[in-house]
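What follows is a single structure, written as structure tokens, with notes after it.
The values are calculated or read from the model by the stated rules, or taken from the named source; none is laboratory data. Treat the numbers as computed from the prediction; the structure is a model and nothing was measured. Ideal geometry is used to build each Cβ from the backbone, glycine not excepted, and the neighbour counts take in all protein chains shown. These accessible areas exclude ligands, DNA and RNA; they are computed on the full protein's heavy atoms, side chains included. Shrake-Rupley method; radii C 1.70, N 1.55, O 1.52, S 1.80 Å.
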Amino acid sequence: MMLSKGLKRKREEDEEGKEALAVDTWWLDPGHPAMAQAPPAMASSSLFDLSVLKLHHSLRQSEPDLQHLVLVVNTLWRIQTCMALTAALPPMPSLPTAPGIADNLLASSDASLSASMASLLEDLSHIEGLSQAPQPLVDEGPPGRPTGGAPPSLGALDLLGPATGCLLDDGLEGLFEDTDTSVYDSELWAPASEGHKSSPEDGPGKEEAPELDEAELDYLMDVLVGIQALERPPGPGR
Amino acid sequence: MEEPEQGFAAGRHTCRPGILPGPTRVSSPQDDTWNWCVYLGHTMVLQPSERHYGDWNHRRLGPWCSPTGSPAPLSCETGCGEGSWILVCRLLVPTQVSLLSMEEDIDTRKINNSFLRDHSYATEADIISTVEFNHTGELLATGDKGGRVVIFQREQESKNQVHRRGEYNVYSTFQSHEPEFDYLKSLEIEEKINKIRWLPQQNAAYFLLSTNDKTVKLWKVSERDKRPEGYNLKDEEGRLRDPATITTLRVPVLRPMDLMVEATPRRVFANAHTYHINSISVNSDYETYMSADDLRINLWNFEITNQSFNIVDIKPANMEELTEVITAAEFHPHHCNTFVYSSSKGTIRLCDMRASALCDRHTKFFEEPEDPSNRSFFSEIISSISDVKFSHSGRYIMTRDYLTVKVWDLNMENRPIETYQVHDYLRSKLCSLYENDCIFDKFECVWNGSDSVIMTGSYNNFFRMFDRNTKRDVTLEASRENSKPRAILKPRKVCVGGKRRKDEISVDSLDFSKKILHTAWHPSENIIAVAATNNLYIFQDKVN
């Protein structure tokens with residue numbers, strides 16, 4: 001219930017069988033008044049460009065307005081889906097889960113559309129959109145929660161988060177190609193032991209569990225963002 | 001004493017800072033001399049600080065204006081020597097202009113009018129970002145983008161002038177937050193005051209919470225009207241005396257002095273929010289309060305600044321899954337275990353802290369199903385709730401989304417009991433409003449003291465009131481041109497199509513840069529405060 005995946009429940013949900021499969025797809029309905037207002041393809045594409053511009057601008061901020069960002073991304077997703085479908089594509093198979101449908105739509109979407117969007121996202125992906133602050137001294141509550149196994153609903157959001165897996169795995173070596181990272185490798189990833197001299201990147205002396213948890217990843221991402229931010233001129237600010 | 005040239009403030013005098021609309025003659029109570037104070041419109045003049053006014057704002061200096069209207073720089077860099085003035089430029093337009101100064105000199109009115117129309121001295125730092133009455137309505141606090149807090153106090157009603165109800169004058173000004181720089185993330189933290197919340201008064205001092213994006217501060221505002229005199233180790237100017245010269249001892253006595261209002265920061269609650277704080281709310285136990293950012297809500301104890309409890313956390317483990325943020329939060333006015341928070345998806349969750357320490361599971365979930373005939377690409381954006389407020393009774397909550405205000409009964413989760421259209425004529429303009437980002441504007445909403453009327457702002461400096469009982473609504477405008485002191489506000493109307501009547505305004509003529517986001521209603525009387533960009537308007541019910 002906490003995070004609905006961008007879909008609202010329908011007004012009438014009295015049919016049991018439909019409830020589990022209820023997916024908000026009003027934009028698929030060509031008879032819908034909103035769709036009938038303007039030539040859908042034209043309106044959608046200019047809105048799409050506008051939304052991408054907004055997203056781009058928002059991510060370029062040194063600290064994006066999270067609400068603005070989320071709303072723009074969600075809107076972009078709606079527009080993109082609509083555009084993909086109005087580009088005369090083969091009908092997508094119906095799947096039981098909403099994220100599954102989302103994935104399928106992306107998969108079956110127009111090749112050039114998704115390619116251009118993917119390349120745009122790739123260009124933007126070097127911008128760390130939402131870095132985490134250094135771990136505050138207070139307890140923040142349970143560090144993680146099960147994701148429920150749902151795949152990401154939109155690739156654009158990859159660049160929103162620390163994307164801990166991909167950046168660390170692939171990018172770390174790239175960032176520090178000619179730097180000896182053995183100190184970081186051994187200090188940060190190994191369980192804490194008393195003999196180790198604390199590295200400069202250590203947090204504010206907080207005791208951490210031996211295994212790497214989200215808090216440490218957040219902090220590491222923050223350090224990397226700090227380095228990246230220093231390398232490029234600061235944005236125009238809010 | 002020779003009369004100084006009009007337009008110059010010379011010498012020093014002791015006066016209580018206030019808003020006076022134009023050149024004013026003020027007499028010094030000490031020696032009965034008098035001086036002119038020139039104001040830039042409604043500039044607040046501070047007393048030169050041979051006394052220490054540690055919290056007065058020395059930094060934002062405005063241009064000094066001679067009566068002819070041409071600005072001249074004021075050399076304040078020389079500091080606070082005796083006889084010099086420290087000027088703070090602040091443009092405020094209260095509708096209750098102090099008649100005292102107007103009556104004194106006729107020719108000041110002409111200068112006054114030209115100041116009023118002159119907007120060129122408004123700076124972005126003066127944009128008001130929050131307005132809040134205290135629990136008795138005696139005080140009204142405003143916060144602005146420059147991190148300043150200005151507190152107004154209602155003057156005591158005099159028996160002689162019964163027809164004049166108490167007016168609000170400046171009581172205290174202080175710099176609450178400064179711009180900060182986060183070196184690790186290489187970004188600036190804005191000093192803009194997002195919210196102010198008063199604590200109920202428990203002694204002679206007043207306490208309020210003010211917050212910017214990251215840090216909450218507890219301020220104490222207190223009066224001092226006595227000062228000690230007759231120190232042994234210090235002379236009258238405060239300089240240390242040579243102990244060898246002291247031959248007698250005396251007991252210092254407290255002597256009355258001119259009233260001084262000082263604001264001191266008592267607590268700083270920092271480093272607990274990764275994202276931007278959008279709300280703070282004082283609990284009815286008066287011992288705790290909460291602060292909410294985009295993804296988390298923390299509970300604080302007023303006495304403890306280095307620790308807070310996280311009570312709501314909607315941050316997904318994988319940020320790729322983020323589709324919803326927290327937009328506002330508030331404690332129940334009577335039940336100290338209950339609070340609500342709203343989201344960018346138009347939902348409200350009511351949580352009970354007794355149920356569990358981490359209130360991720362809500363007790364109630366309020367959401368109105370989407371109207372299929374009104375769907376568009378922007379449905380989600382316009383459903384995002386920008387403000388949520390409990391009624392004074394605690395029975396209802398009111399939410400503001402982009403086009404409507406809704407009243408919900410706590411006992412009914414599936415739909416609101418009342419929906420009021422604020423500016424439905426904008427529904428066909430959503431695309432343009434998305435383009436210019438106006439669709440993301442966050443309007444606030446307020447209840448009146450008896451929960452019978454609700455008020456919210458709109459564009460073109462319009463604000464709207466809805467009477468819940470009679471179902472009548474009215475649109476009013478907060479603007480200088482239309483508001484002479486004591487003038488009665490005329491209802492406004494937006495023409496949505498067809499023939500436009502003489503006094504109506506068409507949708508296309510609306511000024512979207514003039515937005516009223518922040519309003520406040522006196523807790524028991526019909527006095528409202530409306531912030532229009534950098535101007536504050538205070539309106540009262542017509543007195544019979």
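Within segment B:208-224, the set of residues being under 19 Å from B:Ser281 (Cα atoms) and open to solvent by 50 Å² or more (accessible area, probe 1.4 Å) comprises just one member, B:Lys220.
Table: residues versus (1) within 11 Å of chain A (Cβ to nearest Cβ); (2) assigned to a loop (DSSP other than H, G, I, E, B); (3) open to solvent by 20 Å² or more (accessible area, probe 1.4 Å); (4) charged (D, E, K, R).
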| position | (1), (2), (3), (4) |
| --- | --- |
| B:Asn306 | yes, no, yes, no |
| B:Pro316 | yes, yes, no, no |
| B:Glu320 | yes, no, yes, yes |
| B:Gly346 | yes, yes, no, no |
| B:Glu368 | yes, yes, yes, yes |
| B:Ser373 | yes, no, yes, no |
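Residue count for segment B:498-510, restricted to those that are open to solvent by less than 50 Å² (accessible area, probe 1.4 Å) and either at pLDDT below 90 or part of a loop (DSSP other than H, G, I, E, B) (or both): 2.
Among the candidates B:Ala317, B:Ala355, B:Ala329, the residue that is under 30 Å from the mean Cα position of the chain (by Cα) and on the phi < 0 side of the Ramachandran plot is uniquely B:Ala329.
If I filter segment B:407-439 down to residues being of a type in the set (Phe, Trp, Tyr) and closer than 17 Å to B:Gly346 by Cα, which single residue comes out as least open to solvent (accessible area, probe 1.4 Å)?
If we filter segment B:407-439 for residues that are of a type in the set (Phe, Trp, Tyr), which is where we start, we get B:408, B:420, B:425, B:434.
Next cut, closer than 17 Å to B:Gly346 by Cα only: B:408, B:420.
Working: B:Trp408: 5, B:Tyr420: 21 Å².
My answer is B:Trp408.
Looking for something closer than 23 Å to B:Asn194 by Cβ and within 14 Å of chain A (Cβ to nearest Cβ) - is there at least one such residue anywhere in segment B:406-425? Checking segment B:406-425: not a single residue is closer than 23 Å to B:Asn194 by Cβ and within 14 Å of chain A (Cβ to nearest Cβ). Contact map, segment B:516-544: residues that are part of a strand (DSSP E or B) paired with residues that are at pLDDT below 90 and open to solvent by 30 Å² or more (accessible area, probe 1.4 Å), Cβ distance under 6 Å, separation 6+ or inter-chain. Pairs shown: B:Ile527/B:Gln540. Residues that are part of a loop (DSSP other than H, G, I, E, B) and more than 35 Å from the chain's Cα centre (by Cα) within segment B:247-274 comprise B:Thr247, B:Thr248, B:Leu249, B:Arg250, B:Val251, B:Pro252, listed in sequence order. Scanning segment B:385-403 for residues being open to solvent by 10 Å² or more (accessible area, probe 1.4 Å) and either within 14 Å of chain A (Cβ to nearest Cβ) or not small (Gly, Ala, Ser) (or both) gives a total of 7. Using the structure shown, decide if B:Tyr231 is surrounded by 12 or more Cβ atoms within 10 Å (Cβ to Cβ), in contact (Cβ under 8 Å) with a residue 40 or more places away in the chain and either of a type in the set (Phe, Trp, Tyr) or in contact with a His (Cβ under 6 Å, 6 or more places away or on another chain) (or both). In short, no. Pairs linking a residue in segment B:362-376 that is more than 20 Å from B:Arg400 (Cβ to Cβ) to a residue that is open to solvent by 50 Å² or more (accessible area, probe 1.4 Å) and of a type in the set (A, V, I, L, M), with Cβ atoms under 7 Å and 6 or more positions apart or on different chains, are B:Thr363/B:Ala355.
As for segment B:508-524, it holds at least one residue that is among the basic types (Lys, Arg) and under 28 Å from the mean Cα position of the chain (by Cα).
Given the structure, is B:Val268 open to solvent by 50 Å² or more (accessible area, probe 1.4 Å), modelled with pLDDT of 90 or more and of a type outside the set (Ser, Thr, Tyr)? In short, yes. When segment B:282-300 is limited to residues that are closer than 20 Å to B:Asn134 by Cα and open to solvent by 10 Å² or more (accessible area, probe 1.4 Å), the one that is farthest from the other protein chains (Cβ to nearest Cβ) turns out to be B:Ser284. Can B:Lys442 be described as modelled with pLDDT under 90 and either touching a helix residue (DSSP H, G or I) at 6+ places or on another chain (Cβ under 9 Å) or open to solvent by 10 Å² or more (accessible area, probe 1.4 Å) (or both)? No: the conditions fail for B:Lys442.
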